[in-house]
Amino acid sequence: MPKGFRVEASQEGPVFADASGMTLYKWPQHKLRNGYSGESPGSPACYEDVLTVTAGLMSPYPPGIRLPELDKRKSCTDLWKPVTADEGAQEVGEWILVERRDGSRQWAYQEQPLYSSVKDQEPGDVLGGTRRRFGGDAPAKRVPVGPPSLHPPGFSIRSSFNGRMLATDRSESIYSYDGDTAESTSCRADCLAKWKPVLAPSLAREQGEWSLLGRSPGERQWVFRGKPLYTYILDSGTWSQQGSDEPGWDNVFTQVADSYPSSFKPQHTLVGDVLADSEGKTIYIYYCGEDSQDQLGCDHPTETQVYRLAMCGAGDPERCLEYWPYVLAGDNEQAINRTWSIVWIDHRTGRFATPQQEGALRVWAYRDRPVYTFAGDSSPGDVHGAGTGEWRGQRNGLKAIMLRDDFFRGTL
């Protein structure tokens, strides 16, 4: 790693950061309906130009439509600061230097140009982007960059609302049993009809939190943090949580997500388990990305609220508040981590407010973005608001916060 960079712990896992601890991001090229956005390897595409019209990347919308609030609009580099190199900087391994159009040099990792986000305020913040998977109808998102995971070959990790979940390289979920130890396992004989040990190759070696358990001569099982690892033969799909329904069995996470507020709770629904408020009402989060070539976000209170107000109330903020009320924080509730915070919002504008501002609401926010309930949900477990908006809520709409999604695989 070049001088001036470091590794920070974050809720997205270990990330590379600059000298101030601010997370580094890439903008990988992403195929949309009518073309590509993002950056191809070695080619910066985020510049100082303030774009004024849509690019037409998301049909059926044509290119050339005037973007909203041009008098307040920012350029790509106003929001995403290129990580430029000092004079005399030298490339190191996968850290290379790419040239910007003004002749300056920008750091890139694995050929992807690097940026920091103006949303991040403290070391370890990852408010600018996510490692969670996104589909073709979602914007070309920014992704935190970090060192490779230290898991052995044959494993994979995926970020979810619950944390960083461990699976095989074939995306089979991995489980452990409460009663097992690093030296022994109770899953033998009949147990093996449902549970398949995750076996290590003959050349595998123990390292760090990974060890090996000999099951029989010539057969060794992977052990992670003192627990032998298994897959569940009855899992119906990849990245499943169904095996955790078996008493004593749990999915394995390399990193568990920050706790949600104590007034929230899991709620069973017909589509899976969602996060709900104290009354059992499903909690939703707003997603938004505009259709310029820059694919700038519009889901944060510092960004334009035109799209959200149009989607939730035909431009009427009072109607938005009626149908999609903010989740208010109790007078005695306090934020307990950086993932779940309490913010003040002016519901008339959707922007951050001060506590003294008339009509300001004190609301819960996830990753610095307010969360909502839906007026159309009348009973605990209702998810009538899930997938509301454009492209099932992926580009301008709301999606339920799913704790477990066995059926719709992110559609809601």
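Taking the criterion of being out of contact with any Lys or Arg (no Cβ under 7 Å at 6 or more places or on another chain) and either acidic (Asp, Glu) or under 10 Å from Trp364 (Cα atoms) (or both), the residues of segment 328-344 that qualify are Gly330, Asp331, Glu333, Gln334, Ala335, Trp340, Ser341, Val343. Residues that are assigned to a strand (DSSP E or B), in contact (Cβ under 8 Å) with a residue 60 or more places away in the chain and within 24 Å of the chain's Cα centre (by Cα) are absent from segment 230-249 altogether.
The residues on offer are Pro63, Pro41, and the sole one that is free of Cβ contacts under 8 Å to residues at least 60 places away in the same chain and more than 25 Å from Ser20 (Cα to Cα) is Pro63. Has segment 15-31 got any residue that is part of a strand (DSSP E or B), within 30 Å of Phe161 (Cα to Cα) and of a type in the set (Lys, Arg)? Looking for residues that are part of a strand (DSSP E or B), within 30 Å of Phe161 (Cα to Cα) and of a type in the set (Lys, Arg), one finds at least one in segment 15-31, hence yes.
Could you go through segment 215-225 and let me know if any residue there is touching a helix residue (DSSP H, G or I) at 6+ places or on another chain (Cβ under 9 Å), of a type in the set (Phe, Trp, Tyr) and either over 21 Å from Asp382 (Cα atoms) or outside the structural domain of Ala375 (by TED's automatic domain parsing) (or both). No, every residue in segment 215-225 fails to be touching a helix residue (DSSP H, G or I) at 6+ places or on another chain (Cβ under 9 Å), of a type in the set (Phe, Trp, Tyr) and either over 21 Å from Asp382 (Cα atoms) or outside the structural domain of Ala375 (by TED's automatic domain parsing) (or both). Report yes if some residue within segment 89-112 is surrounded by 18 or more Cβ atoms within 10 Å (Cβ to Cβ), of a type in the set (A, V, I, L, M) and outside any strand (DSSP E or B); otherwise report no. Among the residues of segment 89-112, not one is surrounded by 18 or more Cβ atoms within 10 Å (Cβ to Cβ), of a type in the set (A, V, I, L, M) and outside any strand (DSSP E or B), which makes the answer no. Taking the numbered list (1) in contact with a strand residue (DSSP E or B) (Cβ under 6 Å, 6 or more places away or on another chain); (2) at pLDDT below 95 in turn, Tyr284 passes all entries but (2). Out of curiosity, is Ser292 part of a loop (DSSP other than H, G, I, E, B) and within 30 Å of Gln29 (Cβ to Cβ)? In short, yes. Looking at this structure, is Pro82 surrounded by 15 or more Cβ atoms within 10 Å (Cβ to Cβ) and within 26 Å of Cys298 (Cβ to Cβ)? Considered against the rule, which asks whether it is surrounded by 15 or more Cβ atoms within 10 Å (Cβ to Cβ) and within 26 Å of Cys298 (Cβ to Cβ), Pro82 comes out as yes. Can you tell me which residue among Gly136, Gly154 is at pLDDT below 95 and not aromatic (Phe, Trp, Tyr)? Unique residue meeting the criteria: Gly136.
One residue stands out among those in segment 114-133 that are surrounded by 18 or more Cβ atoms within 10 Å (Cβ to Cβ) and of a type in the set (Asp, Glu): the one that is nearest to Cys76 (Cα to Cα), which is Asp120.
Cβ-Cβ contacts under 7 Å between residues 6 or more apart (or on different chains), taken from a first residue in segment 278-294 that is of a type in the set (A, V, I, L, M) to a second residue that is not in a strand (DSSP E or B), are listed as Ile283/Phe264; Ile283/Asp277; Ile283/Val327; Ile283/Thr373; Ile283/Ile401; Ile285/Ile401. Only one of the numbered conditions (1) in a loop (DSSP other than H, G, I, E, B); (2) within 32 Å of the chain's Cα centre (by Cα) is violated by Leu166, and that is (1). Every condition in (1) at pLDDT 95 or above; (2) surrounded by 15 or more Cβ atoms within 10 Å (Cβ to Cβ); (3) assigned to a loop (DSSP other than H, G, I, E, B); (4) not aromatic (Phe, Trp, Tyr) is met by Gly393 except one, and the failing one is (1).
Within segment 324-341, one or more residues are crowded, with 17+ Cβ neighbours inside 10 Å and in contact with a Cys (Cβ under 8 Å, 6 or more places away or on another chain). Evaluate the following for Asp377: is it in contact (Cβ under 8 Å) with a residue 40 or more places away in the chain, more than 24 Å from the chain's Cα centre (by Cα) and over 21 Å from His300 (Cβ atoms)? Considered against the rule, which asks whether it is in contact (Cβ under 8 Å) with a residue 40 or more places away in the chain, more than 24 Å from the chain's Cα centre (by Cα) and over 21 Å from His300 (Cβ atoms), Asp377 comes out as yes.
So, Tyr61, is that one outside any loop (DSSP other than H, G, I, E, B) and either at pLDDT below 95 or in the same structural domain as Arg338 (by TED's automatic domain parsing) (or both) or not? No: the conditions fail for Tyr61.
The values are calculated or read from the model by the stated rules, or taken from the named source; none is laboratory data. All figures in this text were calculated on a predicted structure; none of them were measured in a lab. Virtual Cβ from ideal backbone geometry, glycine too; neighbours counted across all protein chains shown.
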